[in-house]
Structures are given as C-alpha cells and as structure tokens.
Amino acid sequence: LKETAAFSRTCTHYSDGTEMPMGANDMLAVFGGMIAVEQTFSRFDLNGNNHLEYKELKIAYNEVYKDAVTALVPDQFKSKSDRIFMYLVKHRELPLYKSLFKKIFKAGIPILLNTNKPTADRLTIATILKTISEMSPMAKNFPPDCDSYR
C-alpha cells in the first residue's frame, strides 16, 4: 500500500522531509493506483499464478512500460532499456548510471541465456510505477510544490 500511495499521490512529503498526512482525496488516488497494479496482473498474468513470469514481463514491457522506462535512461543506454526494466524488476530500483550500468549488461547476459529470469509480484509492479513516477522527466522538471498543501 505504501508503494502504491507513493506513485499515486501528488505529494507524500513536505520539502523538509516530514511525511504528509493522507487526506480524503489521496484515498481515491491510492485506490486508482491499486487498480493500475491489478490491471497489470489481469492483463499480463496469463497463467493466473499471481506472479508475472519472465515471458509475461517481456509482453508487459513491450506493450506498456517501454516508453516510460526509455524516458528514464540516458540517450546512450536507450537501446538497452529492456535490460534496465529487468534490472528494475529484479532489484526494485534503477541502477546508478555511472557505477552500476556495467552490472546491467552483465545481469542481462543470464536473462539472454534464459537463466535467472526475474518475476514480479504486486509490490514489484507498484515499485516500478513509483520509480517511473518519481524519476520521469516531468517529475524532475516540474516537481509539485508540496509545501503549498500545509
């Protein structure tokens, strides 16, 4: 629920780091976030086991997440955004570009060899949506003024 709230709500913390209390409007946004996670599973969990397997993740990436993930990475890595997505699934965070990008490509080798395939549960999908929400160019270039909600 916390991960879903983080990508669903406009603001979760004031600029001083204090956590914002959840208001009535936030509850509707969080409910919408939960629906987004459930829609991902109802659309892509083809075998109905409540986990997105590697093959299902590839479909979800190509149909839904590709553009959003590609927008998060530097130009020189855009062609590898599929590996970055799988890294995000496996580690629930984006790699640090300068020091860890080499690990993505090494991590991509087992994926290409069909071993160590990541899977995703609902928390993983919520974390991916949170990461996309927080790291998107729009969020970075036009952050909300959360202090205005005090």
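Can you name the helices (runs of 4 or more DSSP H) wholly within the range 1-91 that have at least 3 residues being within 14 Å of Ala126 (Cβ to Cβ) and of a type outside the set (Lys, Arg)?
Fully inside the range 1-91 and qualifying: 2-8, 24-44.
Taking Ile111 and the conditions (1) open to solvent by less than 30 Å² (accessible area, probe 1.4 Å); (2) modelled with pLDDT under 90; (3) under 19 Å from Thr4 (Cβ atoms), which numbered condition does it fall short on, given that it satisfies the others?
Answer for Ile111: the failing condition is (3).
Would you say Leu57 is at pLDDT 95 or above and touching a strand residue (DSSP E or B) at 6+ places or on another chain (Cβ under 8 Å)?
Numbers: at pLDDT 95 or above: yes; touching a strand residue (DSSP E or B) at 6+ places or on another chain (Cβ under 8 Å): yes.
Yes: the conditions hold for Leu57.
I'd like the residue in the range 1-43 that is farther than 22 Å from Val89 by Cβ and among the aromatic types (Phe, Trp, Tyr) and, out of all such residues, is most open to solvent (accessible area, probe 1.4 Å). Spell out the reasoning first.
So the first thing to find is which residues in the range 1-43 are farther than 22 Å from Val89 by Cβ, and the list is 9-32.
Checking the rest, the ones that are also among the aromatic types (Phe, Trp, Tyr) come to 14, 31.
Numbers: Tyr14: 31, Phe31: 118 Å².
So the residue we want is Phe31.
Going through the range 51-71 one residue at a time, which ones are of a type in the set (S, T, N, Q) and open to solvent by 80 Å² or more (accessible area, probe 1.4 Å)? First the steps, then the outcome.
Keep residues of the range 51-71 that are of a type in the set (S, T, N, Q), which gives 62, 70.
Listed by number, the list holds a single entry, Asn62.
The values are calculated or read from the model by the stated rules, or taken from the named source; none is laboratory data. For clarity, every value in this text was computed on a predicted model and none was experimentally measured. Note: ideal-geometry Cβ built from the backbone for every residue, glycine included; neighbour counts use all protein chains shown. Quick note on the areas: whole protein, heavy atoms, side chains included, nothing else; ligands and nucleic acids left out. Shrake-Rupley method; radii C 1.70, N 1.55, O 1.52, S 1.80 Å.
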